[in-house]
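Scroll down for the structure; my scribbles are underneath it.
Where a number appears in this text, it was derived from the coordinates with a stated rule and is not lab data. What you see is a predicted model, and the numbers here were worked out from it, not measured in a lab. FYI the Cβ positions are ideal-geometry reconstructions off the backbone, even for glycines, and counts take in every protein chain you see.
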Amino acid sequence: METLYITHPSCRLHEMGDWHPECPDRLDAISDQMLSSGLASYVHAIDHVAPATREALLRVHTAEYIDQLDALSPQTGYHAIDPDTLMNPHTLEAALHAAGAVVAAVDAVMQGQAQTAFCSVRPPGHHAMPDHAMGFCFFNNIAVAAAHAIATYGVKRLAIIDFDVHHGNGTQAMFSGVPGVLMCSFFQHPLFPNSGVDDLAENMVNVPVPAYTNGAAVRELVRTQWMPRLEAHRPELILISAGFDAHREDEMGQMGLVESDYAWMTEQIVGLADRYAQGRIVSTLEGGYHLSALGRSVVAHIRSLSKL
């Protein structure tokens with residue numbers, strides 16, 4: 001069964017200024033590498049999905065926040081939520097389609113139309129809190145998808161894996177202490193958003209690592225800290241917040257991963273999914289700001305998702 005590659009044209013229209021690292025060129029870098037590597041011919045590409053419904057968003061976000069984003073959406077120019085998180089006239093549409101893409105991916109894998117999916121969408125989502133945007137994120141795409149899987153398909157044991165260089169504080173806020181959901185992450189610490197190390201619920205497997213941590217150390221923490229908990233959890237569905245800014249070429253952080261590390265991590269997740277989740281994995285783009293490293297890393301990730 002082919003891996004789905006899901007995107008939407010609106011995700012390229014959201015931009016926050018020429019200076020901003022979370023830019024439309026990120027998606028172009030990924031699609032360019034998909035073509036030049038030959039991988040594009042091995043996936044089933046979908047470039048139009050429905051936006052996330054209000055019902056889907058309300059499972060993890062407050063009604064007041066959803067209404068506030070609609071009210072703040074500018075007709076021209078930019079509206080700054082914070083110094084690093086801005087809306088342009090297309091941001092709300094892009095955010096709705098980004099969340100909608102991950103919901104569509106869950107539908108596809110749960111209905112047996114695909115086994116795995118990667119959503120090449122932006123804005124990213126894992127910093128978005130129930131009631132406010134932050135860290136380039138507006139709607140928490142992976143959280144919307146997780147809540148959709150639980151509500152629509154009755155998933156009892158779900159795993160969220162977050163390998164961005166930054167802690168997924170929004171996702172943690174939404175699922176901390178929630179029965180049936182296990183979240184595993186590593187992240188550079190200290191670093192924005194300076195969270196994820198104190199007062200953790202039992203279902204949060206957070207592994208803070210110092211700057212300059214390399215791939216060998218990350219592989220060891222996956223083997224010794226993630227995998228035992230994931231094996232015990234026996235997830236029926238695995239969702240991935242796939243950030244690639246822990247790459248050694250990415251200046252957003254100071255970690256030392258390379259493409260082969262992302263491929264190896266993905267292979268471990270694929271093996272887990274094969275054992276317990278009928279192979280079902282949905283992955284969505286979070287960080288990754290060095291364009292070449294981002295494109296190469298996503299290709300490595302999708303190759304492993306597709307078992308190529």
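A few points about this structure:
- Expressed per residue, the C-alpha convex hull volume of region 236-308 stands at 72 Å³.
- Estimated from helices alone, the mean residue ellipticity of the chain at 222 nm is -11500 deg cm²/dmol (sum of -39500 (n - 2.57) over DSSP H runs with n ≥ 4, per residue).
- The modelled label-to-label distance between LEU58 and ALA151, using points 7 Å beyond Cα along the C-beta direction, is 0.8 nm.
- When you count the other C-beta atoms within 10 angstrom of each residue and take the mean per peptide, 15-24, 286-295 line up highest first as 286-295, 15-24.
- Computed over region 129-269, the ratio Rg/Rh where both radii use C-alpha atoms and Rh is Kirkwood: 0.94
- Dipole of region 229-308 [Lys/Arg +1, Asp/Glu -1 at C-beta], most positive-end residue of LEU291, HIS233, GLY253: HIS233
- Kirkwood-type radius of region 38-148, with distances r between different C-alpha atoms, in Å: 14.5
- Spin-label model, ASP32/HIS20: points 7 Å from Cα along the beta carbon direction are separated by 2.1 nm.
- Percentage relative contact order, the chain, counting C-alpha pairs under 8 Å, at least six apart: 20
- Projected area, mean over directions - region 1-84, Cα convex hull, nm²: 7.8
- In terms of its C-alpha gyration tensor, region 154-207 comes out prolate, because a/c is 1.5 or above and the ratio a/b outweighs b/c.
- The share of Cα pairs per 20 Å bin across the chain, counted from zero up to the longest distance, runs 38, 60, 2 percent.
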